[in-house]
1. Report, by residue number, each residue of the range 37-55 that is surrounded by 12 or more Cβ atoms within 10 Å (Cβ to Cβ) and touching a strand residue (DSSP E or B) at 6+ places or on another chain (Cβ under 8 Å).
2. Could you check the range 135-172 and list, in sequence order, the residues that are surrounded by 20 or more Cβ atoms within 10 Å (Cβ to Cβ) and in a strand (DSSP E or B)?
3. Can you tell me which residue is farthest from residue 156 (Cα to Cα) among those in the range 179-216 that are assigned to a helix (DSSP H, G or I) and over 20 Å from the mean Cα position of the chain (by Cα)?
4. Which condition number in (1) in a helix (DSSP H, G or I); (2) touching a residue at least 12 places away in the same chain (Cβ under 8 Å); (3) out of contact with any strand residue (DSSP E or B) (no Cβ under 9 Å at 6 or more places or on another chain) is the one that residue 18 fails?
5. Is it the case that residue 140 is outside the structural domain of residue 64 (by TED's automatic domain parsing), within 24 Å of residue 36 (Cβ to Cβ) and modelled with pLDDT of 85 or more?
């Protein structure tokens, strides 16, 4: 039995996903949640094999849930339903073993294929390569969210922070760098944990770029080295 958690408040979408899972009889079981606190409590009690999110639902703090999932259950694959896509977004999501995305609107067949692809990733061969939800994908979702907050990023004894103002990165700091170079350093850290703080305090700006621009610059640098 594979348990799927869908975090959404769209009744029609939930019906579609449930109908797809019903086709597989007892092989897939769907659970739903419509709030961050409800979801976190559920994750503390139930084993799941796939989490499905819509990152831009204003009524649900999806970023908080994904951060929690990354920090506590990094081996669970995640399916993100994006409102749009382009070659840049696809490049950022490319080659992430436990991250899958689907562009809205989509039909039932495409959703079915993605669910099966993501659920199959819970096999041992795939799970051996899992290292949590990537910081790059998380920053992309932060920009789409278009809110103001700070992210604390940690890996063992290394720490950094990234501030967003209305979806734009305005400040980034590590012990070694500020601004864009600080973001690049944090993107190199594996198995990071990150937490969101909503008490944004208008810190001194040391950059003003979109997350997508920074992520693409980082990819371009890797391709040329």
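The values are calculated or read from the model by the stated rules, or taken from the named source; none is laboratory data. This is a predicted model, so every value here is computed, not measured. All Cβ positions, glycine included, derive from the backbone under ideal geometry; neighbour counts span all protein chains shown.
1. So the first thing to find is which residues in the range 37-55 are surrounded by 12 or more Cβ atoms within 10 Å (Cβ to Cβ), and the list is 38-43, 48-55.
Passing the criteria: 39, 42, 43, 48, 49, 50, 51, 52, 53, 54, 55.
2. 151, 153, 160, 162, 163, 164, 169, 170, 171, 172
3. Residues of the range 179-216 assigned to a helix (DSSP H, G or I): 180-187, 211-216.
When the remaining residues are screened for being over 20 Å from the mean Cα position of the chain (by Cα), the result is 180-182.
Numbers: 180: 22, 181: 20, 182: 17 Å.
Step by step, filter the range 179-216, then rank; the result is 180.
4. Evaluating residue 18 over (1) in a helix (DSSP H, G or I); (2) touching a residue at least 12 places away in the same chain (Cβ under 8 Å); (3) out of contact with any strand residue (DSSP E or B) (no Cβ under 9 Å at 6 or more places or on another chain) leaves (3) as the failure.
5. Details: outside the structural domain of residue 64 (by TED's automatic domain parsing): yes; within 24 Å of residue 36 (Cβ to Cβ): yes; modelled with pLDDT of 85 or more: yes.
Yes, satisfied.
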